[in-house]
Amino acid sequence: MERAHDAGVLERIGLAWLALGCVLLGLLPAYVIDALRTVVAQFSGVSLPRTGAPWWLLVPLAGRQASYSAPVLLIALTSVVLLTVLLVRRFYHHRVRRAAAWDGGFGRMNARMQDTAEGFGQPIRHIFGALFAVRRELPSAFDSAPRYRVVVSDRIWQWLYVPLGTLVLRTADTFAWVQQGRISTYLTYSFTTLVVLLALML
Amino acid sequence: MKPIEILTQGLELLAALAAAPLFLGWVNQCRAWLQNRRAPSVWLPYRGIRKLFHKDAVIAENASPLFRAAPYIVFGAMLVAAGIIPSMGTRLPFTIAADAIALVGLLATARVFQSLAAMDIGTAFGTLGARREMMVGFLAEPALLMVIFVASIISATTALPAIAENLATQTLGLYPSLAFTAIAFTLILLAENARIPIDNPATHLELTMIHEAMVLEYSARHLALMEWATSLKLFNYACIGFALFLPWGISTGTGGPLSLVASIPVLAAKLTVTGAVLAFIETISAKLRVFRAPEFLAIAFMLAVLGLLVHLLLGA
């Protein structure tokens with residue numbers, strides 16, 4: 001815990017380019033949909049209709065009054081936000097005083113009060129609790145060295161994949177018995193197969 | 001772009017900006033009456049916002065620029081959303097840029113920035129609020145989309161003004177499927193706007209708060225913008241509801257400027273009744289535990305799916 005530090009530049013880049021991809025996809029969806037056209041046509045046999053809309057406008061169906069233009073929306077949002085900033089700055093002062101964050105009346109904040117990504121996902125885990133197998137070790141309020149431990153595993157993994165995997169392994173074991181690993185055994189197999197085939201042909 | 005279109009667009013944005021705090025004040029007043037309290041003035045939200053704008057902003061020492069930018073972004077997103085929703089007229093030129101699905105995305109953008117800002121300071125309260133808000137959000141969004149899909153299938157378009165126009169100009173605009181989705185939408189409205197069965201807007205009790213926990217670190221003009229955005233969100237949701245389920249009285253394609261003027265009292269009447277109904281629902285229901293919220297929103301989702309099935313299978 002003492003050696004914990006913020007994520008490095010490379011770690012941030014690893015997530016940032018994914019986020020950037022999402023933003024670009026949201027801003028220019030028409031290109032991606034154009035590229036997906038052939039895929040859709042190959043899979044479903046039906047091609048998405050070409051609506052002849054300009055690059056900045058996404059029109060799913062021609063002739064219907066529904067369209068989406070991310071660049072226009074972004075420009076509108078940005079200008080409204082900038083206008084708000086300007087108006088607030090124009091009509092009201094923009095003094096800012098820095099102070100300590102509210103500590104909830106507990107005096108000094110320490111690492112125990114910090115929330116984590118684990119905590120952020122807690123509601124989702126709770127809602128879908130029936131699907132997950134959750135084992136928890138909760139600390140008591142009086143522990144001097146509190147320890148919180150959660151092991152989340154997938155129930156479907158236990159119910160479906162583990163029995164299926166066992167079955168496949170057992171079958172493989174049975175076949176492995178046939179493969180003795182000696183050249184003479186394999187030659188015997190080939191010989192027997194050839195004899196059986198000959199018998200069938202005759 | 002015709003002058004009437006610009007007029008409609010401008011009028012709707014101004015109406016949303018001006019009337020949203022009033023609507024919130026009206027809901028609060030009705031709630032106070034129903035709870036046998038002396039009601040605050042309907043103008044109280046305006047006074048609150050004005051007071052906050054004049055105060056000195058105090059920001060936590062470790063706040064990043066994101067924390068300062070978030071109120072403006074949330075407010076901007078809510079205002080842009082108001083420009084897509086046909087509250088008075090359906091001739092909104094801006095809807096070429098965003099249909100109902102983009103509107104849901106816009107509301108989600110505001111939610112994400114609000115949650116990010118709440119986590120920015122690093123206090124337990126902020127993260128607690130953010131995680132609860134995201135929980136409510138990811139359950140409410142599919143339900144809201146499903147509600148919109150039902151209305152879109154009926155009118156064969158996803159553009160909100162076109163849906164409203166379609167439903168408003170029909171001779172008999174009564175669909176049983178829309179009745180189901182209207183109930184679903186009411187549940188979503190209550191959940192998304194931090195109203196009583198899910199969140200109590202008047203509470204400051206750590207175990208129950210969602211929205212208040214997120215804006216806890218804000219003060220002065222930032223808080224004012226956040227509060228204004230909250231009232232705009234409620235106003236927007238109410239207007240989405242009107243567009244989908246009570247589109248009568250709005251100015252449609254053939255009407256002139258007079259019909260636009262005539263739609264103002266109609267909108268006021270709808271908001272007055274809705275505010276009273278909202279306060280009534282909030283008064284007769286109790287706050288749910290946080291982990292009962294998924295059930296509440298699952299009911300909303302199921303009702304919306306039921307509406308979809310009723311329409312698809314029975315054609316009603």
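The values are calculated or read from the model by the stated rules, or taken from the named source; none is laboratory data. All values reported here derive from a predicted model rather than from experimental measurement. Cβ coordinates were reconstructed from backbone atoms using ideal geometry, including for glycine residues, and neighbour counts include every protein chain displayed. Ligands, DNA and RNA are stripped out before the accessible areas are found, and what is left, the full protein with its side chains, is counted by its heavy atoms. Shrake-Rupley method; radii C 1.70, N 1.55, O 1.52, S 1.80 Å.
A few comments on the model shown:
- Positive dipole terminus of the protein assembly as shown, leading residue within A:GLY181, A:THR166, B:THR283 (C-beta point charges): B:THR283
- Cα-based Kirkwood hydrodynamic radius, the protein assembly as shown, one decimal, Å: 26.5
- Cα-based helix-to-principal-axis angle, A:29-44 vs chain A, degrees rounded to 10: 20
- With all protein chains in place and ligands, DNA and RNA left out, the 1.4 Å accessible area ranks A:HIS5, B:HIS54, B:HIS222, B:HIS311 as A:HIS5, B:HIS54, B:HIS311, B:HIS222, largest first.
- Point-charge dipole on Cβ atoms (K/R +1, D/E -1) for the protein assembly as shown, about Cα centre, debye to 20: 740
- To the nearest 10, the accessible area of A:CYS22 is 90 Å² with a 1.4 Å probe.
- Spatial separation of Cα centroids for segment B:12-57 and segment B:260-316, in angstrom: 22
- Accessible area of A:SER67 in the full protein assembly, 1.4 Å probe (Å², nearest 10): 10
- Mean partner shielding of peptide B:71-80, defined as the number of other chain Cβ atoms within 10 Å of each residue Cβ, is 5.
- Shape call, chain A: gyration tensor on alpha carbons, a/c limit 1.5: oblate
- The mean number of Cβ atoms from other chains found within 10 Å of a Cβ in peptide B:54-66 is 3, as a whole number.
- Calculated SAXS-style log₁₀ I(q)/I(0) at q = 0.14 Å⁻¹ - segment B:185-316, Debye, Cα scatterers: -0.81
- Dipole magnitude of segment B:182-301 about its Cα centre (Cβ charges: Lys, Arg +1; Asp, Glu -1), debye to nearest 20: 240
- Reach of B:LYS51 by Cα under 15 Å, taken over aspartates and glutamates that are not fewer than 8 positions away in the same chain: B:GLU227
- Using the Cβ-Cβ distance between A:PHE142 and A:VAL72 with R0 set to 51 Å, the FRET efficiency from 1/(1 + (r/R0)^6) comes to roughly 0.30.
- Projecting label points 7 angstrom from Cα along Cα→Cβ for A:ARG125 and B:ASN62 puts them 2.2 nm apart.
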